[in-house]
Amino acid sequence: VAINKILYALEKYGPQDTNYYEVNEDSYYVALGDSSVFGYECVDYAEQFAKENRVDYKNLAQKGLLIQNAGAVIQANAADIAKADLITVGFSNTTLLQTAFSAAFEQKEYDWEALVTAQGAQYVESMLADIKEEIVAAGIGGVYTIGFIQVDITEFVVSMIEDYAYNAEYDLEDFRGSLILGGVD
């Protein structure tokens, strides 16, 4: 729920694009990202999407591909991507969760205004404050000793949530930049 609140802020206050695409029989579809994403009946998502929408496609997704390595795939397949009028991108959240867990011990600061409007940054900060209140109200906050380290559970959980949401949006912006730099717009 907490992560959804922040992701809502990113959606509401982030860059707005109202140019929605409608799939038709002339569409050429390219799938990018981590191919470990499956649709129903354990069919690869790209194949499932292409069959359901009756479109030609190229699946460039690779099992376990990380966002930071996607640029190389984009550059190597720029011609196929350039002719696509429909592109989907899917990535696993495992790396982001691992990073968030590590960041929770570092007490990092995040520049939300670099990713969203000032109003969006204020909204994120208010959501983080609400999350802290919810943790305390639920009675799960407090300082606990884990091994030799004392951890404020409220701050730890909020730090993980913020790092996860921030890096998910930051990596997405970086990925968008890779598309443009790779000659695909």
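Values as computed for the structure displayed
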| read-out | value |
| --- | --- |
| Accessible surface ranking that places the most exposed of 52, 113 first, with a 1.4 angstrom probe | 113, 52 |
| Cβ-defined net charge surrounding residue 143, 10 Å radius [Lys, Arg +1; Asp, Glu -1] | -2 |
| Length added when fully stretched, residue 148-residue 83, from 0.36 nm per residue minus Cα-Cα | 17.8 nm |
| Förster-model FRET efficiency, 41 Å R0, residue 126 and residue 53, C-beta, rounded to 0.05 | 0.55 |
| Charge sum, other residues only, whose C-beta stays under 15 Å from residue 58's C-beta, Lys/Arg counted +1 and Asp/Glu -1 | -3 |
| Accessible-area order (highest first, 1.4 angstrom probe) of the listed residues 158, 89, 143, 23 | 143, 89, 23, 158 |
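The values are calculated or read from the model by the stated rules, or taken from the named source; none is laboratory data. Because the structure is predicted, anything quoted here is derived from the model rather than measured. Neighbour counts run over all protein chains shown; Cβ positions are idealised from the backbone, glycine included. The accessibility values were calculated without ligands, DNA or RNA, using every heavy atom of the protein model including side chains. Shrake-Rupley method; radii C 1.70, N 1.55, O 1.52, S 1.80 Å.
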